[in-house]
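Reading through the structure tokens given below for one structure.
The values are calculated or read from the model by the stated rules, or taken from the named source; none is laboratory data. Keep in mind that this is a model prediction, so the values were computed, not measured. When we count neighbours, we look across all protein chains shown, and the Cβ atoms used for this are built from the backbone with ideal geometry, even at glycine. For accessibility, only protein heavy atoms count, side chains too; no ligands or nucleic acids. Shrake-Rupley method; radii C 1.70, N 1.55, O 1.52, S 1.80 Å.
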Amino acid sequence: MPMYFFLDNLALLDLGLTCTIVPQLLTNLCVPDKTITSSRCITQVFVFCWIIASECALLSIMAIDRYVAICRPLQYTLIMRASVCVQMAAVCWSSGILNSLLQTTLTLQLHFCGHHTLDHFFCEVPGLIKLACGDSTASELALTSMTIPFGVMSSLLVLISYTFIARAVLKLPSAEGRHKVFSTCSSHLLVVTMYFGPGMYFYLKPSSESSQAKFISFFYCVITPLLNPLIYTLRNKDVKMAWKRILQCQGGVKALKAQSLPVH
């Protein structure tokens with residue numbers, strides 16, 4: 001199903017984001033020497049920009065998938081066929097890497113002087129721009145311009161999709177049908193709210209306080225990827241049934257082992 005294909009991509013992006021940020025965060029918490037090499041810092045910038053942009057695009061694609069499933073149910077399998085889903089996912093990943101290449105290239109061109117003390121728990125473009133002592137206009141312009149397609153346009157696409165979904169839901173005659181549709185979309189809508197809300201606030205208001213910026217970054221870099229699997233698992237009947245089958249199989253294997261007699 002297309003929904004599970006996109007969830008696979010979302011899981012890969014969340015895993016990549018966590019593996020990029022959390023190891024260095026744990027290192028900083030465990031050792032007194034809180035340093036990071038320039039190569040690791042720029043690697044964090046590259047992977048972070050790639051994943052963040054790709055996930056923004058993917059969440060908007062998932063909103064389109066929900067729109068087609070609810071508003072065009074008879075044409076769903078024709079519109080969201082496998083080749084189309086692969087192409088949409090490829091667009092998400094490739095657009096993210098283009099954004100990453102642009103941001104990383106401009107960040108490498110920044111000039112730093114004095115002590116390179118980054119007031120953050122990982123390397124991020126806004127924090128590195130504040131450290132620059134030369135002209136950072138190009139980096140600031142690129143950061144703002146990339147916020148428009150990946151932040152504003154993606155969230156606007158999600159809003160438009162769910163506006164049409166809400167109109168279709170209100171036309172349903174039965175309360176049971178409306179509840180079923182709401183249950184189908186609530187997981188994605190919750191993830192979108194947790195992801196776009198803090199991220200857009202941070203990037204559209206770069207002058208926020210350091211502690212506030214750290215909390216917002218920690219939320220969408222650590223908390224949101226941690227909650228995404230729980231949200232989709234607890235609200236998905238297919239996943240619940242799969243877990244029940246796994247637990248039943250494990251219980252059956254344990255029962256067989258307990259009943260078996262040792263052979264000497």
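Summary table
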quantity: Region 102-117, residues that are hydrophobic (A, V, I, L, M, F, W, C) and either in contact with a strand residue (DSSP E or B) (Cβ under 7 Å, 6 or more places away or on another chain) or free of Cβ contacts under 8 Å to residues at least 40 places away in the same chain (or both); calculated: LEU106, LEU110, PHE112, CYS113
quantity: Filtered residues of region 105-130 (kept if among the hydroxyl-bearing types (Ser, Thr, Tyr) and open to solvent by 80 Å² or more (accessible area, probe 1.4 Å)); calculated: THR117
quantity: Flag if SER38 is exposed (fewer than 15 other Cβ atoms within 10 Å of the Cβ), on the phi < 0 side of the Ramachandran plot and at pLDDT below 85; calculated: yes
quantity: Filter pass, ILE21 being modelled with pLDDT under 90, among the hydrophobic types (A, V, I, L, M, F, W, C) and under 19 Å from the mean Cα position of the chain (by Cα); calculated: yes
quantity: Looking only at region 131-143, and only at residues there that are outside any helix (DSSP H, G or I) and in contact with a strand residue (DSSP E or B) (Cβ under 9 Å, 6 or more places away or on another chain), the one that is surrounded by the most Cβ atoms within 10 Å (Cβ to Cβ); calculated: ALA132
quantity: Given (1) within 26 Å of LYS180 (Cα to Cα); (2) surrounded by fewer than 18 Cβ atoms within 10 Å (Cβ to Cβ); (3) of a type outside the set (S, T, N, Q), number of the condition PRO32 does not satisfy; calculated: (1)
quantity: Residue match in region 134-155 (condition: polar (S, T, N, Q) and closer than 15 Å to ILE70 by Cα); calculated: no
quantity: Selection within region 156-179 - open to solvent by 30 Å² or more (accessible area, probe 1.4 Å) and in contact with a Ser or Thr (Cβ under 7 Å, 6 or more places away or on another chain); calculated: LEU157
quantity: Within region 8-29, considering residues that are among the β-branched types (Val, Ile, Thr) and open to solvent by 10 Å² or more (accessible area, probe 1.4 Å), the one farthest from ALA142 (Cα to Cα); calculated: THR27
quantity: Criterion (in a loop (DSSP other than H, G, I, E, B), in contact with a helix residue (DSSP H, G or I) (Cβ under 8 Å, 6 or more places away or on another chain) and aliphatic (A, V, I, L, M)) met by exactly one of ILE42, ILE36, ILE21, ILE52; calculated: ILE36
quantity: From the options MET80, MET146, MET153, MET62, residue that is open to solvent by 70 Å² or more (accessible area, probe 1.4 Å) and under 23 Å from the mean Cα position of the chain (by Cα); calculated: MET153
quantity: Tabulated pairs, region 18-42, first under 24 Å from LEU227 (Cβ atoms), second surrounded by 10 or more Cβ atoms within 10 Å (Cβ to Cβ) and aromatic (Phe, Trp, Tyr), C-beta under 7 angstrom, 6+ apart or interchain; calculated: THR20/PHE48; ILE21/PHE122; GLN24/PHE122; LEU25/PHE121; LEU25/PHE122; ASN28/PHE121
